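Here's the structure we're looking at; comments come further down.
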Amino acid sequence: MVDVKIWLNQQQVSGGLRSLRPVIRRGKGRLTLAGDEARELIDFSSNDYLALAEHPALIAAAQEALGRFGAGSGAARLMSGDLALHHELEEAVAQLKGKEAALTFGSGYLANAGIIPALAARHDLIFSDRLNHASIHDGCRLSGARLIRFRHNDLNQLEDLLKEKRGTGTALIVVESIYSMDGDRCPLRELVQLKERFGCLLMVDEAHATGVFGENGGGVIEEDGVSEAVDLAMGTFGKALGSYGAYVAGNREMIDYLLNRARSFVFSTALPPAVTAASLAAVRLIRQEPELRRELHAKIAFFKALLQAGGYGAELGPSQIIPILVGESGAALAKAEQLRQQGIFVTAIRPPTVPKGTARLRFSLTRHHSPADLAQAAKALLELPGRAG
């Protein structure tokens, strides 16, 4: 058994110890820390990319559902917790992702931990990008399948591995379209070619892409024109869609199968009505108002231009997630605190969330950020002592 006291002390010394510090949200992308309410901070650690968590349409939908149906669903979907509202949301998600059907889950973690073991078992193979989210890695381990990890976005290595190890059984390739800690993008068109050539299932986690990319907000799979070729498109409602929960979309047969086999769906209470209604409002909204995405992307371009004009030379990536690499955990924590002193709230991301020696500040841009906010953040970042880039 792990000696808890020794482990905690080791984490403290290495800069890896995590703790919770409550925040008080002030709206419009602002927060204060509990115990320091006098100092308002601009939040650059939120995944509420389109600022929908405060949108009147989501709030009204949640309030109406709360009044009609109560606070909770009361049971799992296969018991008495299956509301017509859940089906409306799944139909809207399927349309958004260009698929026949969809299924909702309690969270992104529950989705990946349930979907992957339902698809692959002991005698199957899973090819997983090394920088996939922890929930994907855990889903792979739970499956009992043989896990083969390939270098991040290295399709040449993946091709070599497929040639060597594919065999004749079930093989699943799992990637993210936008990677949550690096903000970079998967080469999905080329990946689809490999998937079809070697006869694999392809699952794409679109948690950080849905709502942000694609003409209708359908994510990178829509933008790259590969929706039909992707077997399973998974994503969350808790990021750009401003709500909570997760989904997977695919053909009707696959969704019926997961409804019966994904244990994290079968044995979990259904999403609350208010949350479901808010998610439905968000899915409709991102299709109806493409200007939400255009506004966000304009702000992303503005912020990156400020950093580049200020001499920041590191790669800034193609998305709303901008990692500022620092190196060691202690240094990342120190820089995050220095930025807080300048009114900027950004989280230091440390191992094991990212590989050892790659601790970073993860800037997430949202529609809440005004040009003045972005200029303030860029100035503070560029003036950090010993900054990267």
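The values are calculated or read from the model by the stated rules, or taken from the named source; none is laboratory data. Source: prediction; values computed, not measured. Quick reminder, even Gly has a Cβ in these numbers, built from the backbone with ideal geometry, and neighbours come from all protein chains shown.
Quick notes on this one:
- Selection within the stretch 163-185 - in a loop (DSSP other than H, G, I, E, B) and over 21 Å from SER46 (Cβ atoms): ARG166, GLY167, THR168, GLY169, THR170
- Condition met for ALA332 (farther than 22 Å from TYR179 by Cα, in contact (Cβ under 8 Å) with a residue 40 or more places away in the chain and buried (at least 22 other Cβ atoms within 10 Å of the Cβ)): no
- Just one of (1) buried (at least 21 other Cβ atoms within 10 Å of the Cβ); (2) closer than 28 Å to SER370 by Cα fails for LEU258. It is (2).
- Residue within the stretch 52-61 that is acidic (Asp, Glu) and closer than 30 Å to LEU339 by Cα present: yes
- Residues of the stretch 265-315 that turn out to be at pLDDT below 95 and in contact with a strand residue (DSSP E or B) (Cβ under 8 Å, 6 or more places away or on another chain), as a count: 1
- Test for ALA249: is it more than 17 Å from GLY218 (Cβ to Cβ) and either under 21 Å from the mean Cα position of the chain (by Cα) or of a type in the set (Val, Ile, Thr) (or both): no
- GLY225 being under 17 Å from LEU119 (Cβ atoms), outside the structural domain of ALA359 (by TED's automatic domain parsing), touching a residue at least 24 places away in the same chain (Cβ under 8 Å) and surrounded by fewer than 18 Cβ atoms within 10 Å (Cβ to Cβ): no
- Residues in the stretch 320-327 include at least one that is buried (at least 21 other Cβ atoms within 10 Å of the Cβ), polar (S, T, N, Q) and at pLDDT 95 or above.
- Residue count for the stretch 343-386, restricted to those that are among the polar types (S, T, N, Q), within 24 Å of ARG26 (Cα to Cα) and either in contact (Cβ under 8 Å) with a residue 40 or more places away in the chain or buried (at least 22 other Cβ atoms within 10 Å of the Cβ) (or both): 4
- As a summary of the residue check, ARG21 satisfies the conditions (1) under 23 Å from the mean Cα position of the chain (by Cα); (2) modelled with pLDDT of 95 or more; (3) basic (Lys, Arg) except for the one numbered (2).
- When the stretch 352-382 is filtered for residues that are part of a helix (DSSP H, G or I) and either more than 24 Å from LEU52 (Cβ to Cβ) or of a type in the set (Val, Ile, Thr) (or both), the ones remaining, listed by number, are ALA375, ALA378, LYS379, ALA380, LEU381, LEU382.
Rundown of residues vs (1) touching a Cys at 6+ places or on another chain (Cβ under 6 Å); (2) in the same structural domain as VAL204 (by TED's automatic domain parsing); (3) free of Cβ contacts under 8 Å to residues at least 24 places away in the same chain; (4) closer than 17 Å to TYR179 by Cβ, yes/no style:
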position	(1), (2), (3), (4)
ALA118	no, yes, no, no
ASP124	no, yes, no, no
LEU147	yes, yes, yes, no
ASP154	no, yes, yes, yes
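- Residues within the stretch 240-283 that are closer than 30 Å to GLU54 by Cα and part of a helix (DSSP H, G or I), tallied: 13
- For the stretch 156-206, filtered to residues that are touching a residue at least 40 places away in the same chain (Cβ under 8 Å) and of a type in the set (Val, Ile, Thr), the residue that is nearest to GLY238 (Cα to Cα) is ILE178.
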